[in-house]
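Trainee: What follows is a structure written as C-alpha cells; I'll ask about it next.
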Amino acid sequence: MTAHPVGLPDPDAGPRHVALIMDGNGRWAEARALPRAMGHREGVQALKRTVQAAPDFGIECLTVFGFSTENWRRPAEEVSDLMGLVRSYVASDLNRLEREGVRVRVLGRRTGLPADIAAIVERAERTTAHNSRFLLQVAFNYGGRADIVDAAQRYVDQLLAGQATGPLDEAALGAGLSTAGGPPVDLIVRTSGEQRLSNFLLWEAAYAELVYQNVLWPDYGAEALGDAVRQFRQRDRRFGAIAARPVLAAG
Ligand code: IPE
Ligand code: IPE
Ligand code: MG
C-alpha cells in the first residue's frame with residue numbers, strides 16, 4: 001500500500017466498501033467512431049487501474065457491475081464480446097490478483113452463463129479464496145431483484161427441509177443474498193452521468209451514499225475514485241437518526 005493520497009484526510013471515515021456501476025463504455029467508443037467492443041476493452045483497463053488504486057483510499061472492498069440480468073437484451077455479438085472480456089480479464093489478471101492478496105467473488109446467477117465462463121468464475125473464486133487483503137466482487141449476470149428472489153427461494157427451501165423456523169426476518173433473507181458475509185455497501189458510484197441503479201444492489205443500497213460522476217467508465221481511475229471518496233467523506237450519514245454533528249448555540 002502506498003502513502004495515503006493528499007487532500008483526503010481521515011481514511012477511517014471510509015468508505016470501506018464501494019460499489020461501481022461501470023457505465024459509458026459504448027459512448028466512449030462511439031465518440032471515437034470505434035466499435036462498442038473497444039469501449040468494453042478499455043473498460044477492463046479502467047477496472048484494473050481502479051482495483052489497484054482502491055486500497056490507497058482505505059477501501060477494503062469493491063463491487064463492480066459487469067453484466068446485468070437485463071444486458072442479455074443487447075445484440076448477441078455484444079453479449080459475446082462481454083463474455084469474452086471475462087475470459088481475457090481472468091486469463092491476464094488472475095495471477096496478479098492472487099499474488100496481491102485480492103479475493104475474487106462473483107455475484108449473480110451462474111445458471112444461464114456459458115459453461116466455460118461458469119468454470120472460469122469458479123476457478124477465480126477458488127484460486128483466491130484464501131486471500132483477505134482486499135475483496136473484489138464482480139456482479140455478472142446479476143440483478144438486484146433476481147438476487148432477492150433467489151434469497152427468498154433459499155429460505156423457502158430451508159423451511160421445507162426443516163432447516164429454518166419462524167418468520168422471515170432481514171438477517172435470514174440477507175444471509176441468502178449473493179453479497180452475504182461481505183462488508184455493508186457504503187458508497188455506490190455510477191459513471192457516465194446516468195442517475196439510476198439499473199437493478200444493482202437494490203437491497204444493499206438501503207443506506208449507501210450515491211455519487212454520480214460525469215466521467216465515462218473507460219476514463220476512470222485513481223483520480224475519479226479519489227473524487228468520489230472525497231464526496232463521500234463530506235456526507236452526513238444519519239441512518240434514520242439525527243445528525244451526529246455538534247449543534248451550534250444560537251446567537
Ligand atoms: C457499461 O457500458 C458496460 C456494460 C453495461 C456491460 P455500456 O455498454 O452500457 O455503455 P453505454 O451506456 O452504452 O455508453
Ligand atoms: C448497468 O448499465 C449495467 C452495467 C453497468 C453492467 P446499463 O448501461 O446496462 O444500464 P441502463 O440500460 O442504461 O439502465
Ligand atoms: Mg450503459
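Trainee: Of all the residues that make up region 142-185, how many are of a type outside the set (S, T, N, Q), more than 16 Å from ligand 1 (Cβ to nearest atom) and touching a strand residue (DSSP E or B) at 6+ places or on another chain (Cβ under 8 Å)?
Mentor: Total satisfying the criteria: 5.
Trainee: For a quick check of your reading of the model, give me the residue pairs whose first member lies in region 72-83 and is of a type in the set (Phe, Trp, Tyr), whose second is more than 11 Å from ligand 2 (Cβ to nearest atom), with beta-carbon atoms closer than 7 Å and at least 6 apart or on different chains.
Mentor: TRP72/VAL79
Trainee: Within region 157-180, count every residue that is surrounded by 13 or more Cβ atoms within 10 Å (Cβ to Cβ), farther than 18 Å from VAL106 by Cβ and of a type outside the set (Gly, Ala, Ser).
Mentor: The number of residues fulfilling the criteria is 4.
Trainee: Restricted to region 57-76, and to residues that are more than 16 Å from ligand 3 (Cβ to nearest atom) and not in a strand (DSSP E or B), which residue is farthest from LEU202 (Cα to Cα)? Before you say what the answer is, go through the steps one by one.
Mentor: Filtering region 57-76 for residues more than 16 Å from ligand 3 (Cβ to nearest atom) gives 57-63, 76.
Subsequent filtering for residues that are not in a strand (DSSP E or B) retains 57-60, 76.
Working: PHE57: 25, GLY58: 24, ILE59: 21, GLU60: 21, ALA76: 27 Å.
Checked region 57-76; the qualifying residue farthest from LEU202 (Cα to Cα) is ALA76.
Trainee: Kindly provide the set of residues from region 194-212 that are more than 15 Å from ligand 2 (Cβ to nearest atom) and without any contact (Cβ under 8 Å) to a residue 12 or more places away in the chain, ordered by number.
Mentor: Matches in region 194-212: ALA206 only.
Trainee: Identify the single condition in (1) at pLDDT 95 or above; (2) within 21 Å of PHE57 (Cα to Cα) that GLU170 does not satisfy, given that it satisfies every other one.
Mentor: Only one criterion in (1) at pLDDT 95 or above; (2) within 21 Å of PHE57 (Cα to Cα) is unmet by GLU170, namely (2).
Trainee: Quick check: is even one residue across region 46-53 modelled with pLDDT of 95 or more, over 26 Å from ALA119 (Cα atoms) and more than 8 Å from ligand 1 (Cβ to nearest atom)?
Mentor: yes
Trainee: Name the residues in region 93-133 that are touching a residue at least 60 places away in the same chain (Cβ under 8 Å) and either of a type in the set (Gly, Ala, Ser) or buried (at least 20 other Cβ atoms within 10 Å of the Cβ) (or both), would you?
Mentor: Of all residues in region 93-133, those touching a residue at least 60 places away in the same chain (Cβ under 8 Å) come to 105, 107-108, 133.
Answer for region 93-133, where residues must be touching a residue at least 60 places away in the same chain (Cβ under 8 Å) and either of a type in the set (Gly, Ala, Ser) or buried (at least 20 other Cβ atoms within 10 Å of the Cβ) (or both): ARG105, LEU107, GLY108.
Trainee: Given the criteria closer than 25 Å to LEU20 by Cβ, modelled with pLDDT of 95 or more and of a type in the set (Gly, Ala, Ser), does ALA205 qualify?
Mentor: Considered against the rule, which asks whether it is closer than 25 Å to LEU20 by Cβ, modelled with pLDDT of 95 or more and of a type in the set (Gly, Ala, Ser), ALA205 comes out as yes.
Trainee: Could you tell me which residue of region 186-233 is farthest from ligand 1 (Cβ to nearest atom), considering only residues that are assigned to a helix (DSSP H, G or I) and among the charged types (D, E, K, R)?
Mentor: ARG233
Trainee: Here is a further query. Restricting region 189-217 to residues that are touching a Ser or Thr at 6+ places or on another chain (Cβ under 9 Å) and closer than 21 Å to ASP56 by Cβ, which is nearest to ligand 3 (Cβ to nearest atom)?
Mentor: Taking region 189-217 first, the residues touching a Ser or Thr at 6+ places or on another chain (Cβ under 9 Å) are 190, 198-201, 203-204, 212-217.
Next, from what is left, pick out any that are closer than 21 Å to ASP56 by Cβ: 213, 215, 217.
On the way: GLN213: 14, VAL215: 13, TRP217: 9 Å.
That would be TRP217.
Trainee: Here is a list: ARG154, ARG133, ARG145. Which entry is among the basic types (Lys, Arg) and more than 25 Å from ALA206 (Cβ to Cβ)?
Mentor: It is ARG133.
Trainee: Report, by residue number, each residue of region 144-171 that is under 20 Å from ILE21 (Cβ atoms) and out of contact with any Lys or Arg (no Cβ under 8 Å at 6 or more places or on another chain). Give the derivation first.
Mentor: Looking only at region 144-171, we keep the residues that are under 20 Å from ILE21 (Cβ atoms), and these are 144-148.
The answer is GLY144, ARG145, ASP147, ILE148.
The values are calculated or read from the model by the stated rules, or taken from the named source; none is laboratory data. Note that the structure is predicted; figures quoted are calculated from it, not measured. No Cβ is skipped: glycine too gets one built from the backbone with ideal geometry, and neighbour counts run over all protein chains shown.
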